[in-house]
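Let me begin by presenting the structure, written as C-alpha cells, before commenting on it.
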Amino acid sequence: MEKLYIGTNWKMHKSIKEGREYTQKLKEMARNKNERMQLFIIPPYTSLSILREEMDSSILLGAQNMHWEDEGPFTGEISPSMLKEIGIDLVELGHSERRQYYNENNVDLNKKVHAALDKEIIPLLCIGEKLEDKELGVSEESLSVQLKICLNNISTTQIKNVLIAYEPVWAIGAGGTEASTNYVHKMHDHIRKVLLEIFGDNGYDIPILFGGSVNRGNAIEYLTGQNVNGLFIGRSAWDLEKFEPILNDIEQFLQQK
Ligand code: 13P
C-alpha cells in the first residue's frame, strides 16, 4: 500500500487554545513531509469548527464519535450531518474507551459505519481484543467477530473508504503494556485475511493502522509489518516535542522504502 496514515486521538485533552497552538505547529512541520504520509488529528468536539477554519486539506480532521441518526431526541449526541456541516473528514468509531465506558457495541457501530459512509465521512473503525481474550487464546476470533459485525452489509465499493485501527485494549493508555512487534504483525495479517474473506480483493485496499502505546522506540518496527499501514497514537503525539522525532523517523523510513 502506498500511503501510511499517521494520526492522533486527543481523547479528552487540550483546550481550544492548546489545540490551535498544536495545529499551527503541526502544519508547519507537515509542510515538507513525504506525500505518502497522510497525517490526521482527532480533537474533542469543542475544537473542531475552529480548527477546520484554520486547517487546509493536508491534515485530515476527525471527530471522536457520532450518532448514526441525522437528528432526533438523543441528548448529548452529535449527528453525521452536523459533522458534515463543519467539514469533518473522518470519524473515529468504536474506540475501546467508548466500548468500555459507554457500552458501545458492534451492532450500533455497524449503523455508525453506514451513516458515516452515507455522508462521505471516512469511518476510522477501532477494533481490539481484551486482555482476557488474549490470555484465553481467542484474540483472532474476537477480532473476526468485531470486523464481521461492524462491517456487515458494507459494499465492496464502500469499503475502499474505510480505515481500520487495530488497538489491543491491553496495550492502550497509561496502564497499557507495549505489544511485541511479532504479535502486532500477526494480528494485522489476521485482520487482512478476514477483510479479504469478506470483501475479496478489495480487502487489499483497506488501510489497517496500529494503536496502543506507540512511541519512538517501537513505531518503525511496527511499520515494517506488511499489513501495518499506519499508526494511531495517543500519549506520544500529544506533545509535539515527542511527536516530531517520530514523524522524522517515519519520513526516513519512507525514503528508504
Ligand atoms: P496511547 O498511544 O496513549 O496508548 O493511546 C492510543 C489510543 O488510544 C489511540 O486511539
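Please report the net charge: other residues with Cβ closer than 15 Å to the Cβ of A116, K and R +1, D and E -1. Intermediate results must be reported in sequence, preceding the final value.
Numbers: positive: K84, R98, K111, K112, K119, K160; negative: E69, D70, E77, E85, D89, E92, E104, D108, D118, E120.
My count for the surroundings of A116 gives -4.
Which residue, M55, M66, M37, has the most motion in a Gaussian network model of the chain that connects Cα atoms within less than 10 Å?
Residue with maximal mean-square fluctuation among M55, M66, M37: M55.
In the chain, once you exclude exposed GluC sites (Glu not before Pro) (DSSP loop, at most 11 other Cβ within 10 angstrom), what's the longest stretch remaining?
On the way: sites that count: E2, E35, E71, E120.
After excluding every exposed loop site, the longest remaining stretch is 121-257.
Using a ≥ b ≥ c from the Cα gyration tensor of the chain (square roots of the eigenvalues), is it rounded, prolate or oblate, where a/c under 1.5 gives rounded and otherwise the larger of a/b and b/c decides, a/b for prolate? All intermediate terms of the calculation are to be shown ahead of the outcome.
On the way: a/c = 1.38, a/b = 1.03, b/c = 1.33.
It is rounded, given that a/c, with a ≥ b ≥ c, falls under 1.5.
So what is the 222 nm mean residue ellipticity for the chain from helices alone, if each DSSP H run of at least 4 adds -39500 (n - 2.57) and you divide by all residues, rounding to the nearest 500 deg cm²/dmol? Display every interim value, and only then the final one.
Details: 11 runs with 112 residues, N = 257.
Only helices count here, giving -13000 deg cm²/dmol.
How far is it, in nm, from the label point at N152 to the one at N32 when both lie 7 Å from their Cα along the line to the Cβ?
A separation of 5.1 nm, rounded to one decimal place.
State, to one decimal in nm, how far the label point of T75 lies from the label point of K257, with both points 7 Å from Cα in the Cβ direction.
With each label placed 7 Å out from Cα toward Cβ, I get 4.8 nm.
Taking H placed 1.01 Å from N in the peptide plane, check which residues at least 5 places from F40 or on another chain put their amide H under 5 Å from its amide H.
I6, G7, T8, L60
Answer with one residue from P123, T157, S180: the one whose Cα lies farthest towards the positive end of the charge dipole of the range 122-192, charges on Cβ with Lys, Arg +1 and Asp, Glu -1.
Comparing the listed Cα positions along the dipole, T157 ranks first.
So between Y183 and N248, what do we pick up on full extension, going 0.36 nm a residue minus the alpha carbon distance?
On the way: separation 65, 0.36 × 65 = 23.40 nm, distance 2.50 nm.
Length difference between fully extended and current span is 20.9 nm.
Spelling out what I want: for every residue of the range 220-225, take phi, set θ = phi - 60°, compute 6.51 cos²θ - 1.76 cosθ + 1.60 (Karplus), and round to whole Hz; glycine and proline get x.
With the stated coefficients, the range 220-225 comes to 5, 4, 4, 5, 6, x Hz.
Are there chymotrypsin sites (Phe, Trp or Tyr not before Pro) in the range 29-92 that DSSP puts in a loop and that have at most 11 other Cβ atoms within 10 Å, and which ones?
Values: sites: F40, Y45, W68, F74; in loops: W68, F74.
Sparse-neighbourhood loop chymotrypsin sites (Phe, Trp or Tyr not before Pro): F74.
How about K130: which lysines have a C-alpha closer than 30 Å to its C-alpha, ignoring those fewer than 8 places off in the same chain?
Within reach: K3, K11, K14, K111, K112, K148, K160, K186, K193, K242.
Note the full-extension length gain between R52 and K25 as 0.36 nm times their separation in residues minus their Cα-Cα distance, in nm to one decimal.
Numbers: separation 27, 0.36 × 27 = 9.72 nm, distance 1.51 nm.
My answer for the length gained is 8.2 nm.
Report the label-to-label distance for Q100 and E141 in nanometres (one decimal), using points 7 Å from each Cα along the Cα→Cβ vector.
2.3 nm
DSSP loop (so not H, G, I, E, B), at most 13 other Cβ within 10 Å: list which trypsin sites (Lys or Arg not before Pro) in the range 25-82 pass both filters.
Numbers: sites: K25, K27, R31, K33, R36, R52; in loops: R31, K33, R36.
Those satisfying the criteria are R31.
Regarding the range 146-187, what's the average projected area of the Cα-atom convex hull, expressed in nm²?
Values: hull surface 15.9 nm².
Over all viewing directions, the range 146-187 projects a mean Cα-hull area of 4.0 nm².
Computed from the coordinates by the stated procedures, all read-outs in this text should not be read as laboratory data. All values derive from a computational prediction rather than experimental measurement. With ideal geometry, Cβ positions are generated from the backbone for all residues, glycine too; neighbour counts draw on all protein chains shown.
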